[in-house]
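What follows is a single structure, written as structure tokens, with notes after it.
The values are calculated or read from the model by the stated rules, or taken from the named source; none is laboratory data. Every value quoted in this text rests on a predicted model; they were computed, and no experiment measured them. Heads up, the Cβs are rebuilt from the backbone with ideal geometry, glycines too, and the neighbour counts pull from every protein chain shown. Side chains included, ligands, DNA and RNA excluded: accessible areas come from the protein's heavy atoms. Shrake-Rupley method; radii C 1.70, N 1.55, O 1.52, S 1.80 Å.
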Amino acid sequence: MSDIERRIAQFQNMAQADPENEMAHFSLGKALSDAGRHPEAAESFIRCTELAPSMSKAYQLAGEALLKSENKDLAAQLFTRGYTIAAENGDLMPKNAMAKS
């Protein structure tokens, strides 16, 4: 088992053990994205936004994963919502990244 597969398994276990743990879903999304599993990554990042609606970075990464999955409409929706949240929170890096997308 590769390192990335171990990370995915670890975060899947964490997310299943505590479905309300937004960081487990965020970390799982990141690991899945690193593995090139973009549709699954998008699902994890979207779950993170449901649990932590003010986490603008999760909207950014969900949108990016959706773009890589050719789901441009949903990506645009998440970028729009995430941009607004990032602007409200003063999260400049995610806001600027979403503005470019």
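Out of A99, A42, A65, A87, which single residue is over 10 Å from the mean Cα position of the chain (by Cα) and touching a residue at least 12 places away in the same chain (Cβ under 8 Å)? Sole residue among the options that is over 10 Å from the mean Cα position of the chain (by Cα) and touching a residue at least 12 places away in the same chain (Cβ under 8 Å): A99.
Against the conditions (1) more than 26 Å from D3 (Cα to Cα); (2) among the polar types (S, T, N, Q); (3) open to solvent by less than 60 Å² (accessible area, probe 1.4 Å), where does S101 fall short? Just the number, please. Among (1) more than 26 Å from D3 (Cα to Cα); (2) among the polar types (S, T, N, Q); (3) open to solvent by less than 60 Å² (accessible area, probe 1.4 Å), the lone unmet condition for S101 is (3). Close Cβ contacts (under 6 Å, 6 or more residues apart or on different chains) running from residues in region 11-34 that are within 18 Å of Y59 (Cβ to Cβ) to residues that are open to solvent by less than 40 Å² (accessible area, probe 1.4 Å) and not in a helix (DSSP H, G or I) comprise E22/A52.
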